[in-house]
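Taking it in order: structure first as structure tokens, then the write-up.
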Amino acid sequence: MMPREPSCEEVMARLFDYLDQELEAPDRAVIEHHLARCHACFGRAEFERRLRARLSEAMDTPAPPRLRRRLERLLDELETANSDGEGDSPWSPS
Ligand SMILES: [Zn+2]
């Protein structure tokens, strides 16, 4: 098989696998080769990489209490809405 230049679309389609380090070395080399020469894809890859770094930082930080309370209340409301009219369903823990 001839080594071929991937299109920007192909590179973008595999960008997440690349960032997740889920590509085999030859595939990764193809992406890296393209990123080294394509400014648009490089910029996109850098953006995603930084976004991921931010996200994983945020994951390590516990959610602020206010946000947690909001989420808990939202969940309560959803449960209430769901059990509405099904009060006597067998799995309902009333
Ligand atoms: Zn490109």
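The values are calculated or read from the model by the stated rules, or taken from the named source; none is laboratory data. All values derive from a computational prediction rather than experimental measurement. A quick note on method: Cβ atoms are made from the backbone with ideal geometry, for glycine too, and the neighbour counts reach across all protein chains shown. To get the accessible areas, we keep the full protein, side chains included, count just its heavy atoms, and leave off ligands, DNA and RNA. Shrake-Rupley method; radii C 1.70, N 1.55, O 1.52, S 1.80 Å.
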Tell me, what are the semi-axes, in whole angstrom and largest first, of the equivalent ellipsoid of segment 8-82 as set by the roots of 5 times the Cα gyration tensor eigenvalues? 38, 14, 11
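With charges set only on the Cβ (+1 for Lys and Arg, -1 for Asp and Glu), what does the dipole of segment 8-82 come to about its Cα centre, in debye to the nearest 20?
For segment 8-82, the charge dipole is close to 500 debye.
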Can you work out the PRE-style zone for residue 74? Point 7 Å along Cα to Cβ, and I want the residues of segment 29-55 with backbone N under 12 Å. none
Sparse-neighbourhood loop sites, GluC sites (Glu not before Pro) in segment 1-56 - DSSP loop, at most 13 other Cβ within 10 angstrom: 22, 24
For segment 8-82, what is the accessible area per residue in Å², given a 1.4 Å probe and the full set of protein chains? 84 Å²
